[in-house]
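What follows draws every value from the coordinates through simple rules; no lab data is involved. All figures in this text were calculated on a predicted structure; none of them were measured in a lab. Glycine also receives a Cβ, built like all others from the backbone with ideal geometry; neighbour counts cover every protein chain displayed.
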Amino acid sequence: MKIFSKQNVFDAAMDRIRWVFDEFEQVGVSFSGGKDSTVTLELTLRVAEEKGRLPVPVVFIDQEAEWTTTIDYVREVMHRPQVKNQWLQVPIKIFNATSTIDEWLMCWEEGKEWGRPKEPDSIHENIYGTDRFKQLFRNYANVTYPKDVRFADLGGVRAEESPTRTMGLTTDPTYKHITWGKRNNDARTHFTFYPLYDWSYTDIWGAIHREGWEYNRHYDYLYMYNHPLATMRVSNVHHEMAVRSLFHLQEIDPTLYNALTKRIGGIDTAGKLNKADFFIKELPYMFSGWEEYRDFLVDKLVKPEHQEKFRSKFHDTAYRYHGTSCYEALLKKQVTSVITNDYHFTNLDQWLARPNSALKHLIKQGERPTHMDEFWPPKPRSKKQKEAFANGTGFYKEGKYAGMEAEAQSGNGPAEGPAEHS
């Protein structure tokens, strides 16, 4: 449920950022070059000027395979006198959704021909103890700011972007009474806050237009290609959430396209395909059903060492959705996970988090769909379920379990299952 206040989101965000500056000794901005981090940056610079706290540290983790327009815009931002340049061009690895053979781009790897030269004033050495993108933000703060320094990082995440983010940004306090943030390090007073958490994408573009702020011009190209405003992305072009951008890469940014085809496998193939090839809507005629098609793709496209992970994930989600109107949509998402090499199941997990996931309330009530013999009994997942499984108690009590197993084998299936299974 949304609760509306009399204050508009622009003024509310300004007040939130002022509060962060009052609470923390050091305040920085995580910058991607996207529209949300653009607004976060502009508001932060405005507050920092009010409070005499310029320049503001701005961190941009360069994933090498970045749009040329993104790099042009980041370069302009980093050269502003109000900004302390923290442009990281350090060796890290990014998953490649376009190839099951060349799975990683080793960004800025020594001895390789990079997609473009490094900036002369960027940070080149990785002294942060990780080569993974997500951990790098936290480790950067740990290295840069002493343990006793209270540091707050401001980012452009919004609740509107996914149900998971809505829950994460509006449920539990992370610092004092604040829900719109997260604690980065339990041993240090390092937090990330999202002051635009309640903004809509229309609020974002309205502010950029009204205030006359500069922005990443790649959005103009996406608009020309009739890309939905709410889902435009300007980040790294080859991870599992950005595959759609490759369909236009040759036309929008031929320089980047040529550089990437030399750098990692799969880019050229993806660039010559289209949306229908990656996001399958119609079952190929040679398969009897979506399950057969999905399993064929796992066998043929997924590396043997990863196949069990895919099968286990698909097995668990099939149990939850079989027999519902969502089941075919789930199978299509599973197929997409294989085709886009979504090893982390990012797209699938976002789909599972939708509010209208039809089976969730049934599972929580202990019901199970019929015709699920191969998935019954469900695997214990939570700590409580694992203890019950190990001790033979609760749902896994011998008599109760045996009765359900017999019903499952008979093809009737139990009318009710474990309340604990969720």
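General observations
- Of the residues screened, residue 260 is one that is under 26 Å from residue 134 (Cα atoms) and part of a helix (DSSP H, G or I).
- Search result, residues across segment 22-35 that are buried (at least 19 other Cβ atoms within 10 Å of the Cβ) and either assigned to a helix (DSSP H, G or I) or among the hydroxyl-bearing types (Ser, Thr, Tyr) (or both): 30, 32, 35
- Qualifying residue in segment 111-134 (condition: part of a helix (DSSP H, G or I) and over 22 Å from residue 346 (Cβ atoms)): no
- Residue pairs meeting the criteria (Cβ under 8 Å; at least 6 apart or on separate chains; first closer than 19 Å to residue 141 by Cα, in segment 33-61; second among the acidic types (Asp, Glu) and surrounded by 21 or more Cβ atoms within 10 Å (Cβ to Cβ)): 59/153
- Sole residue being under 20 Å from the mean Cα position of the chain (by Cα) and either surrounded by 15 or more Cβ atoms within 10 Å (Cβ to Cβ) or within 14 Å of residue 97 (Cα to Cα) (or both), chosen from 324, 269, 340: 340
- Those strands (runs of 3 or more DSSP E) lying entirely in segment 140-239 with at least 1 residues among the acidic types (Asp, Glu) and farther than 30 Å from residue 267 by Cβ: 151-154
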